[in-house]
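The values are calculated or read from the model by the stated rules, or taken from the named source; none is laboratory data. Remember, predicted model here, so these are calculated numbers, not experimental data. Every residue, glycine among them, receives a Cβ derived from its backbone with ideal geometry; neighbour counts consider all protein chains shown. Each accessible area value is taken on the protein alone, full model and side chains, heavy atoms only, with ligands, DNA and RNA left out. Shrake-Rupley method; radii C 1.70, N 1.55, O 1.52, S 1.80 Å.
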Amino acid sequence: MLRRTTFLRAAAALAACGLVSPMAAFAQGFPAKPIKLVIAFPAGGPTDITMRQLAENASKILGQPVIIDNKPGAGGTLPAQALQTSPPDGYTVAQIPLGVFRLGYTTKINWDPLKDITYVINVTGYAFGIVVPANSPFKTWADFVAYAKANPGKLTYGSTGTLTSPHLTTEIVAQKAGIELQHVPYKGSADLMLAVVSGQLMAAADSTGFAPQVEAGKLRVLNTWGEKRLAKFPDAPTLKELGYDVVQNSPFGIGAPKGTPPEVVKKLHDAFKQAMEEPSYVTALGRYDMLPNYMSSATYTKFAQETVVREKVIIDKLGLAKEVKTN
């Protein structure tokens with residue numbers, strides 16, 4: 001509250017010179033300093049690389065640096081939590097992965113993902129799949145399932161964190177396939193890829209941050225999770241082709257603290273939308289078979305509301321819900 005009061009007083013001082021409201025005066029001068037964009041995964045992974053390009057593009061449009069702050073861990077929810085203690089002035093924004101919408105069902109929190117985040121813009125979504133080391137005996141998904149059935153709980157796979165989309169989607173598929181797997185969580189794609197390439201893990205469920213390792217002949221793709229096969233991995237079947245009615249692309253975007261002035265939200269939205277349309281961003285996404293996935297502030301807010309409901313169904317189906325209360 002103290003920091004909110006401080007910036008409103010500054011805006012009021014500007015407004016005293018004319019007839020504009022304090023909030024309008026503040027918005028007119030925004031941004032007057034660098035903006036921090038908190039992302040949920042470590043440096044070097046597909047999220048970091050693509051969001052840095054988006055931030056660079058937005059910096060040129062806004063006339064101020066947009067600085068990436070990596071906060072990995074906690075299933076990708078730390079940036080959203082950081083918004084709860086940031087002033088609502090537009091100078092701290094955060095990536096909102098899908099895991100944020102599951103948080104209230106699995107963790108005791110004192111904030112609400114719908115009420116306490118201002119949804120600015122959705123920018124993209126991931127392409128996912130399951131990979132194994134190139135020397136793995138699992139040449140196909142059928143091999144993977146056969147081993148898992150013969151060795152319940154012994155087949156290890158990693159993901160980018162507990163309750164992330166790679167983790168939950170793999171568990172849904174395992175449930176449908178009638179197999180039991182052993183999950184090992186990591187903080188991000190870079191560490192996860194090192195673990196599976198070195199043989200510490202038998203498999204990994206991840207976004208296509210695995211692409212360079214596959215192209216280098218170190219990993220093999222067993223399946224992908226989109227509506228259709230990925231152009232980069234045309235031999236890898238989709239989950240739907242394998243008989244599972246599952247599609248996962250985990251859209252994510254950018255949020256701001258609750259109470260951020262609408263005029264500031266619009267400036268951020270417009271800048272990031274223009275930044276999304278730059279060829280450099282589209283090219284960066286293409287390295288990982290990701291695509292721009294634009295949602296306006298209103299559409300993104302509606303998406304958040306619908307996703308909270310949908311994710312509860314998944315959490316309940318997997319038996320992962322805990323007795324928690326969101327204040």
**Asked** Going out from 0 in 5 Å bins, what whole percent of all Cα-Cα distances in the stretch 229-327 drops into each bin?
**Response** 2, 9, 13, 17, 16, 17, 14, 9, 4, 1
**Item:** FRET E, pair Lys154, Arg287, Förster distance 22 Å, beta-carbon r, rounded to 0.05
**Value:** 0.05
**Fill in**
Extension length gain for Glu215 and Ile67 (0.36 nm per residue less Cα distance), in nm, is 50.2 nm
**Fill in**
Partner lysines whose C-alpha sits under 17 Å from that of Lys218, ignoring same-chain residues fewer than 8 away, are Lys139, Lys232
**Request:** Count the DSSP beta bridges whose two residues both fall in the chain, then state the antiparallel fraction as a percent rounded to the nearest 5.
**Result:** 60
**Between helix 46-62 and the chain: long-axis angle, C-alpha atoms, 0 to 90°, nearest 10** = 20
**Item:** For the stretch 245-284, the fraction of alpha-carbon pairs in successive 10 Å shells from zero, as %
**Value:** 22, 39, 28, 11, 0
**Request:** Please list the radius of gyration and Dmax for the stretch 93-153, considering alpha-carbon atoms only, with Å as the unit.
**Result:** 18.9, 48
**Complete:** Counting only protein heavy atoms and rolling a 1.4 Å probe, one gets per residue an accessible area for the chain in Å² of 44
**Request:** Once you have all Cα-Cα distances for the stretch 140-275, histogram them in 10 Å bins from zero and send the whole-percent values.
**Result:** 11, 36, 30, 13, 9, 1
**Request:** In debye, nearest 20, what is the charge dipole magnitude of the chain about its Cα centre with +1 on Lys and Arg Cβ and -1 on Asp and Glu Cβ, if you could check?
**Result:** 500
**Complete:** If one compares the long axis through the Cα atoms of helix 2-15 with the longest principal axis of the Cα atoms of the chain, the angle in degrees, nearest 10, works out at 50
**Request:** Return the carbon/sulfur percentage of the accessible area of the chain, one whole number, probe 1.4 Å, all protein chains in place.
**Result:** 56
**Prompt:** lysines near Lys267 by alpha-carbon distance under 24 Å, same-chain residues fewer than 8 away left out - which ones?
**Reply:** Lys33, Lys36, Lys60, Lys115, Lys258, Lys302
**Complete:** As a Kirkwood estimate from alpha-carbon pairs, the stretch 83-195 has a hydrodynamic radius in angstrom of 16.7
**Message:** So if each residue of separation counts as 0.36 nm, and I subtract the Cα-Cα distance between Lys322 and Ala298, what length gain in nm does that give?
**Reply:** 5.6 nm
**Prompt:** To the nearest 10 square angstrom, how much accessible area does Ser86 have with a 1.4 angstrom probe?
**Reply:** 20
**Under 17 Å from the Cα of Lys154 - aspartates and glutamates, other chains or at least 8 residues apart** = Asp143, Glu171, Glu180
**Prompt:** What's the angle, to the nearest 10 degrees (0 to 90), between helix 262-276's Cα axis and the longest principal axis of the chain?
**Reply:** 50
**Item:** Stretch gain in nm, segment Arg229-Asp143, where the contour uses 0.36 nm per residue and the Cα spacing is subtracted
**Value:** 29.0 nm
**Asked** Which whole-number percent of Cα pairs in the chain have a distance greater than 37 Å?
**Response** 20
